[in-house]
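Student: Supplied in structure tokens, the structure appears directly below.
The values are calculated or read from the model by the stated rules, or taken from the named source; none is laboratory data. In this text, all values refer to a predicted model and were calculated from it rather than measured experimentally. Because the Cβ atoms are built from the backbone with ideal geometry, glycine has one as well, and the counts that use them run over all protein chains shown. For accessibility, only protein heavy atoms count, side chains too; no ligands or nucleic acids. Shrake-Rupley method; radii C 1.70, N 1.55, O 1.52, S 1.80 Å.
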Amino acid sequence: MNTTLTMQIEQLNRELSSQLPHEIVAAFAQSIEDLKSNKMEENSIQIGKKIPEFSLPNTQGEIINSVEFSKNKKIILAFYRGSWCPYCNLELKFLQENLSRIKEKNAVLIAISPQSPDHSLVLAEKNNLEFEILTDTDNAFAEKLGIVFQLQDFVLPYYQGLGIDLSDYNKNSDNKLPVPAVFVIDENRVVTYKFLDVNYMSRVNVEELIEAL
């Protein structure tokens with residue numbers, strides 16, 4: 001199944017490489033290389049550690065609490081950058097396609113990003129997403145997990161040139177984003193599975209994820 005997502009990403013890579021000017025592609029590649037020096041994989045929350053409780057608004061403005069969700073269920077926490085990110089959209093749609101398999105494992109899927117509930121609502125409706133999408137204002141929760149980075153100054157003009165206004169999406173001006181990451185936590189909020197890659201083109205292996213439930 002995950003080959004489908006991998007193939008979709010490869011196709012997206014080919015399309016973007018042919019459509020975007022070389023300097024933009026080069027800047028994005030340099031941004032990823034810089035992030036690799038942060039050793040975020042090592043410095044972020046590890047398997048076996050307990051995540052803090054969270055209470056975050058969903059697309060309807062309702063506050064969703066981790067305690068309510070974790071009763072006798074495992075939770076998949078999928079952190080994504082925003083609905084402006086085509087790779088995030090592919091991943092979320094693929095998770096939606098596998099939602100029944102996730103539910104069969106008695107697990108709950110929650111997606112989290114710093115973008116406002118209004119933007120997340122548009123994302124959910126556009127892609128027919130049937131799981132909770134929560135807003136992590138100013139990346140406060142993601143910061144606790146050690147998965148937040150500062151988007152470099154040299155790459156910001158290219159984002160803006162592509163019409164990606166992070167201050168509009170995230171309702172702040174700090175230009176911070178979460179690294180795409182997926183965690184499985186048990187009913188005690190202990191991390192039992194983790195995927196994290198600073199290269200936003202690399203995404204979770206869904207078969208491996210479901211096997212971990």
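Student: Given (1) touching a Ser or Thr at 6+ places or on another chain (Cβ under 9 Å); (2) under 19 Å from E41 (Cα atoms), identify the lone condition not met by F149.
Tutor: The number of the failed condition is (1).
Student: Return the residues of the range 159-196 that are surrounded by 17 or more Cβ atoms within 10 Å (Cβ to Cβ), in contact (Cβ under 8 Å) with a residue 24 or more places away in the chain and closer than 21 Å to K93 by Cα; say none if nothing qualifies.
Tutor: Y169, L177, P178, V179, P180, A181, V182, F183, V184, Y193, K194, L196
Student: Would a scan of the range 124-132 turn up a residue that is surrounded by 14 or more Cβ atoms within 10 Å (Cβ to Cβ) and at positive phi?
Tutor: Checked the range 124-132: no residue is surrounded by 14 or more Cβ atoms within 10 Å (Cβ to Cβ) and at positive phi.
Student: I64 versus (1) hydrophobic (A, V, I, L, M, F, W, C); (2) under 16 Å from the mean Cα position of the chain (by Cα); (3) under 21 Å from A142 (Cβ atoms): which is the lone unmet condition?
Tutor: (2)
Student: Let me ask another. Scan I147, I64, I76 and give me the residue that is open to solvent by less than 10 Å² (accessible area, probe 1.4 Å) and farther than 21 Å from L35 by Cα.
Tutor: I76
Student: Of all residues in the range 166-182, count the ones that are in a strand (DSSP E or B), of a type outside the set (A, V, I, L, M, F, W, C) and closer than 13 Å to N199 by Cα.
Tutor: 1
Student: For the range 117-153, what are the residues that are in a helix (DSSP H, G or I), of a type outside the set (V, I, T) and within 27 Å of S100 (Cβ to Cβ)?
Tutor: Passing the criteria: P117, H119, S120, L121, L123, A124, E125, K126, N127.
Student: Still on this structure, please answer the following. Anything in the range 79-91 that is among the hydrophobic types (A, V, I, L, M, F, W, C) and open to solvent by less than 10 Å² (accessible area, probe 1.4 Å)? List them, or say none.
Tutor: Listed by number, the residues that qualify are F79, C85, C88.
Student: Of the residues in the range 7-24, how many are loosely packed, with under 15 Cβ neighbours inside 10 Å and within 16 Å of C85 (Cα to Cα)?
Tutor: Result for the range 7-24: 7.
Student: So, N199, is that one on the phi < 0 side of the Ramachandran plot, touching a residue at least 40 places away in the same chain (Cβ under 8 Å), of a type outside the set (S, T, Y) and surrounded by fewer than 16 Cβ atoms within 10 Å (Cβ to Cβ) or not?
Tutor: yes
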